[in-house]
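Below you'll find the structure, written out as structure tokens, and then a few comments.
The values are calculated or read from the model by the stated rules, or taken from the named source; none is laboratory data. Note that the structure is a prediction, hence the values are computed from the model and not measured. So basically every Cβ, Gly included, is an ideal-geometry build from the backbone, and we count neighbours across all protein chains shown. With ligands, DNA and RNA removed, areas are computed over all heavy atoms of the protein, side chains included. Shrake-Rupley method; radii C 1.70, N 1.55, O 1.52, S 1.80 Å.
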Amino acid sequence: MADASTKSVEMAADPAAIMDTIADVAAYPEWAGAVKTVTVTEAGTSANRPRRVRFELDAGAFKDTYELQYTWAADGLSVSWTLVQGKLQKAQVGSYVLRPGATSTTVTYSLTVQLTIPLIGPLRRTAEKRIMDTALEELRKRVETPAADHA
């Protein structure tokens with residue numbers, strides 16, 4: 001599989017709040033625009049850290065139903081995932097790594113996606129970058145917005 005695309009951003013939230021938001025997959029349709037439905041297909045060892053999750057995604061030209069398997073770090077500072085199955089994807093490997101700072105947290109998102117249809121390197125990188133930019137911005141908005149404002 002190709003090298004991962006990676007992006008880091010600062011978020012004005014503590015790592016636990018960010019990881020709790022990432023782990024709350026059932027809420028993704030509320031704040032992650034392209035995610036239409038989410039189904040936890042296998043619970044994790046912790047009630048709020050699922051092991052397997054099925055997603056229905058509608059990002060305009062890119063629509064897919066796929067299942068990811070998650071590995072949650074014991075220290076609460078990272079999560080990684082791999083594709084179990086998908087309609088348009090034949091591979092996906094990703095991760096969030098959180099690095100606490102004095103007043104903010106650096107969130108690094110890495111992603112590699114391989115589609116069932118061939119996509120030349122520059123186009124794949126552009127698609128991964130768009131996915132990461134959108135995901136990180138939506139995550140930032142969610143964690144930096146007071147909980148009372150969540151719909």
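Taking the criterion of being touching a residue at least 60 places away in the same chain (Cβ under 8 Å), outside any strand (DSSP E or B) and surrounded by 18 or more Cβ atoms within 10 Å (Cβ to Cβ), would at least one residue in segment 5-17 satisfy it? Scanning segment 5-17, I find at least one residue that is touching a residue at least 60 places away in the same chain (Cβ under 8 Å), outside any strand (DSSP E or B) and surrounded by 18 or more Cβ atoms within 10 Å (Cβ to Cβ), so the answer is yes.
Residue check: E56 meets all listed conditions (1) crowded, with 18+ Cβ neighbours inside 10 Å; (2) of a type outside the set (S, T, N, Q); (3) within 18 Å of T116 (Cα to Cα); (4) under 14 Å from the mean Cα position of the chain (by Cα) but one, namely (1). Of everything in segment 18-40 that is assigned to a helix (DSSP H, G or I) and over 22 Å from T71 (Cβ atoms), the residue that is most open to solvent (accessible area, probe 1.4 Å) is E30. Put simply, of L111, L98, L57, L77 the only residue that is farther than 16 Å from T21 by Cβ and in contact with a helix residue (DSSP H, G or I) (Cβ under 7 Å, 6 or more places away or on another chain) is L111. Among the residues of segment 43-53, those that are open to solvent by 50 Å² or more (accessible area, probe 1.4 Å) and either outside any strand (DSSP E or B) or β-branched (V, I, T) (or both) comprise A43, T45, A47, N48, R51. Scanning segment 74-95 for residues that are surrounded by 15 or more Cβ atoms within 10 Å (Cβ to Cβ) and not in a strand (DSSP E or B) gives G76, L77.
In this structure, does L98 turn out to be surrounded by fewer than 19 Cβ atoms within 10 Å (Cβ to Cβ), touching a Leu at 6+ places or on another chain (Cβ under 6 Å) and within 23 Å of E137 (Cβ to Cβ)? No; evaluated as a whole, the condition is false for this residue. Could you list all residues from segment 39-90 that are hydroxyl-bearing (S, T, Y) and touching a residue at least 12 places away in the same chain (Cβ under 8 Å)? Answer for segment 39-90, where residues must be hydroxyl-bearing (S, T, Y) and touching a residue at least 12 places away in the same chain (Cβ under 8 Å): T39, T41, S46, T65, Y66, Y70, S78, S80, T82.
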